[in-house]
1. Going through LEU121, LEU179, LEU194 one at a time, which residue ends up being over 30 Å from LEU341 (Cα atoms) and aliphatic (A, V, I, L, M)?
2. Given the conditions (1) modelled with pLDDT under 75; (2) closer than 18 Å to TRP332 by Cβ, report the number of the one that GLY253 does not fulfil.
3. Out of (1) buried (at least 18 other Cβ atoms within 10 Å of the Cβ); (2) under 19 Å from the mean Cα position of the chain (by Cα); (3) not acidic (Asp, Glu), what's the single condition that is false for ALA300?
4. Looking only at residues in region 233-247 that are out of contact with any helix residue (DSSP H, G or I) (no Cβ under 7 Å at 6 or more places or on another chain) and at pLDDT below 90, which one is farthest from THR273 (Cα to Cα)?
5. So GLU145 fits all but one of (1) in contact with a strand residue (DSSP E or B) (Cβ under 6 Å, 6 or more places away or on another chain); (2) assigned by the TED database to the domain that holds ILE35; (3) among the acidic types (Asp, Glu); what number is the exception?
6. Suppose we keep only residues that are of a type in the set (Val, Ile, Thr) and at pLDDT 75 or above within region 304-342. Which one would you say is farthest from ASN55 (Cα to Cα)?
7. Is it the case that region 258-271 has a residue that's closer than 22 Å to LEU121 by Cβ and assigned to a loop (DSSP other than H, G, I, E, B)?
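The values are calculated or read from the model by the stated rules, or taken from the named source; none is laboratory data. Everything numeric in this text was worked out from a predicted model, so none of it was measured. Here the Cβ positions follow ideal geometry from the backbone for every residue, glycine too, while neighbour counts run over all protein chains shown.
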Amino acid sequence: MEEEAKPIRQPQRRLNPHLQEVVRAEVLKLLQAGIIIPYLTALGLEVCIDYRKLNAVTRKDHFPLPFIDQVLERVSGHPFYCFLDGYSGYFQIEIDVEDQEKTTFTCPFGTYAYRRMPFGLCNAPATFQRCMLSIFSDMVERIMEVFMDDITIYGGTFEECLVNLEAVLNRCIEKDLVLNWEKCHFMVHQGIVLGHIISEKGIEVDKAKVELIVKLPSPTTVKGVRQFLGHAGAPNWQLPFEVMCDASDFAIGAVLGQREDGKPYVIYYASKTLNEAQRNYTTTEKELLAVVFALDKFRAYLVGSFIIVFTDHSALKYLLTKQDAKARLIRWILLLQEFDLQIRDKKGVENV
């Protein structure tokens, strides 16, 4: 925490009877799992689970995430793989007793504090990656790789991969690291790591993505060439990313890019049509939906990197500071807390 930071108290938000039952069920589930505990304090500290103000006074942890291209290079070229997935990753990280009060939230059924790290804290990704590396420090780059809660184990032979798997599973047991067995795959010849297919052959892009590019018509204009180069672009992991978002009455779109020597170039285009309910959103809500869609779509590129988001700055600035926003907007805003981003205003025809 910043040295001058003071306890923050926010008023409880009103819930209709239906939402109260939803909240009651979720609170009971977290209580039974030991993730939260009833909390009493003489300070009357009741921080809402909307952690924007807490994040604003939190000293940022700049622990680096691994470079995706280097991870892919290290895990590729092996005949056998095992892929493990952490179960509810953040909830496996215990919060220091002295810091639990900072996560306090209030609801109609009482005041609670998290015993384990919740989603929405700005330092959660860095903390989780540091924890995973500390657990597997003697194994990483030797028999396995770990990126957040995704673990990739490899071996030159079936027996070697099996031995490596045993070592990793024993470490998980030793450190009480719980895995999601439904998402684990054992002794396979290939798999998807960070959006790429890795195997003994090397690194391949997802065939579905390749087919999309193959089916593109040959460019016949300067604009068409630029669009194709955008599809074929590769990121420079040393540079910040730029995300341009826009929304219309019927669709949202986003462009992921970077800037080298002052010149912008495109890495990825994404868009989607709005469903009937989304078309009824306000203009401001559609703008924020476009940002959330972009960050989710480009997540593999953006986690751990500095991001500049170009969109309707005034609208987003208002939403990010709104105290009593809709539940839908709060969920979106919490998603943004995970990223190191800066929002810049770029309206109309400039934002293309």
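1. On the way: LEU121 fails: over 30 Å from LEU341 (Cα atoms); LEU194 fails: over 30 Å from LEU341 (Cα atoms).
The conditions single out LEU179.
2. That leaves (1) as the condition not met.
3. (1)
4. Pass one, region 233-247, residues out of contact with any helix residue (DSSP H, G or I) (no Cβ under 7 Å at 6 or more places or on another chain): 233-234, 236, 238-240, 242, 244.
Subsequent filtering for residues that are at pLDDT below 90 retains 233-234, 236, 238-240.
Numbers: GLY233: 24, ALA234: 26, ASN236: 30, GLN238: 33, LEU239: 31, PRO240: 28 Å.
The selected residue is GLN238.
5. Of (1) in contact with a strand residue (DSSP E or B) (Cβ under 6 Å, 6 or more places away or on another chain); (2) assigned by the TED database to the domain that holds ILE35; (3) among the acidic types (Asp, Glu), only one is false for GLU145: (2).
6. To start, the set of residues in region 304-342 that are of a type in the set (Val, Ile, Thr) comprises 307-309, 311, 321, 330, 333.
Right, trim to at pLDDT 75 or above and you get 307-309, 311, 333.
Numbers: ILE307: 17, ILE308: 18, VAL309: 19, THR311: 22, ILE333: 12 Å.
Result: THR311.
7. no
Here is a yes/no grid of residues against (1) in contact (Cβ under 8 Å) with a residue 60 or more places away in the chain; (2) assigned to a helix (DSSP H, G or I); (3) closer than 22 Å to PRO64 by Cα:
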residue: ALA126; (1), (2), (3): yes, yes, yes
residue: ARG130; (1), (2), (3): yes, yes, yes
residue: TYR154; (1), (2), (3): yes, no, no
residue: GLU159; (1), (2), (3): no, yes, no
